[in-house]
Amino acid sequence: MYQLLGSPASPYVRKVRVLVREADAASKVQEVVVSTSPMASAAEVVTANPVGKIPVLIRPEGPSVYDSRVICRYLDAKLGAGLFPESRIWEVLTLEATADAILDAAVGLVYEARFRPEALQFPEWQDAQWAKISRALDTLEKRWMSHLSGPIDMGQIAVACALSYLDFRHDKRQWRKVHGDLDDWHTAFRSRPSMADTSPF
Ligand SMILES: N[C@@H](CCC(=O)N[C@@H](CS)C(=O)NCC(=O)O)C(=O)O
């Protein structure tokens with residue numbers, strides 16, 4: 001039995017939770033909820049991942065595995081999920097990296113607002129982070145719609161988790177208003193049972 005240290009609000013953890021459900025392997029991965037933050041790392045997370053970030057996968061056969069991209073690739077292999085097809089592996093990995101980059105900027109913005117004293121907040125930096133997200137959404141819409149509409153893979157799951165996180169934490173930015181094709185795609189994708197079952201809201 002694997003143990004997944006995480007939190008229902010974390011979009012990186014959600015990628016793994018969706019993969020596990022798509023692989024129909026929920027009985028093999030116990031989800032353990034932890035509370036951790038950049039300013040107060042949870043001890044049980046640090047024991048398994050020195051930088052204190054979630055998700056972390058504790059596995060019976062060796063040391064823990066961490067970073068959502070590594071965990072997803074690992075579990076895909078172990079559970080036979082088939083979400084990293086060799087025939088389009090570089091596209092899948094690039095798409096996943098694009099989704100994770102959206103998340104890195106989006107989560108960073110939340111941390112800035114939550115943990116940095118108001119007087120030290122830096123609107124230009126915040127705008128630059130949102131500009132990264134905006135450019136990535138433009139690129140997804142211009143270059144990736146046919147891939148997103150093909151057979152399910154890890155790239156699609158990562159993009160769906162990233163877009164849901166924008167809804168969850170950055171709703172005021174209204175990304176859907178200027179990205180109609182992505183809006184339609186995400187609205188259909190999020191109705192999959194694996195997505196509905198892992199929604200943070
Ligand atoms: N690249 C990492 C990012 C994970 C990450 O930043 N997780 C956040 C939760 S959404 C976290 O653990 N933050 C606590 C911290 O930064 O110390 C991954 O893909 O797993």
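Taking the range 1-19, which residues are away from the ligand (no atom under 15 Å from the Cβ) and outside any loop (DSSP other than H, G, I, E, B)? Spell out how you get there, then give the answer.
If we filter the range 1-19 for residues that are away from the ligand (no atom under 15 Å from the Cβ), which is where we start, we get 1-3.
Hits for the range 1-19 are Tyr2, Gln3.
Given the criterion buried (at least 16 other Cβ atoms within 10 Å of the Cβ), in a loop (DSSP other than H, G, I, E, B), within 12 Å of the ligand (Cβ to nearest atom) and touching a residue at least 40 places away in the same chain (Cβ under 8 Å), identify the matching residue among Ile54, Ile71. Before the answer, list the steps.
Values: Ile71 fails: in a loop (DSSP other than H, G, I, E, B).
Only one candidate passes the filter, namely Ile54.
Taking first residues from the range 8-34 that are in the same structural domain as Asp104 (by TED's automatic domain parsing) and partners that are outside any helix (DSSP H, G or I) and at pLDDT 95 or above, no Cβ contact under 6 Å between residues at least 6 apart in sequence or on separate chains turns up.
One residue stands out in the range 74-104 among those that are surrounded by 15 or more Cβ atoms within 10 Å (Cβ to Cβ) and among the aromatic types (Phe, Trp, Tyr): the one that is nearest to Ala26 (Cα to Cα), namely Tyr74. Can you find even one residue in the range 137-146 that is under 17 Å from the mean Cα position of the chain (by Cα) and not assigned by TED's automatic domain parsing to the domain that holds Ile71? Yes - at least one qualifying residue is present in the range 137-146.
Residues of the range 113-129 that are more than 16 Å from Ala99 (Cβ to Cβ) and in a helix (DSSP H, G or I): Ala113, Arg114, Phe115, Glu118, Ala119, Leu120, Pro123, Glu124, Trp125, Gln126, Asp127, Ala128. Among all positions in the range 26-36, there is no residue which is assigned to a helix (DSSP H, G or I) and either buried (at least 17 other Cβ atoms within 10 Å of the Cβ) or within 13 Å of the ligand (Cβ to nearest atom) (or both).
Out of all the residues in the range 95-105, is one or more of a type in the set (D, E, K, R) and away from the ligand (no atom under 16 Å from the Cβ)? The answer is no; no qualifying residue exists. Considered as a group, the residues in the range 37-51 that are outside any loop (DSSP other than H, G, I, E, B) and closer than 22 Å to Phe115 by Cβ include one that is nearest to the ligand (Cβ to nearest atom), and that residue is Ser37. Please work out if Glu91 is assigned by TED's automatic domain parsing to the domain that holds Trp144 and closer than 24 Å to Asp171 by Cβ. Judged against the criteria, Glu91 is not a match.
The values are calculated or read from the model by the stated rules, or taken from the named source; none is laboratory data. Just so you know, these numbers come straight off a predicted model, no measurement behind them. A quick note on method: Cβ atoms are made from the backbone with ideal geometry, for glycine too, and the neighbour counts reach across all protein chains shown.
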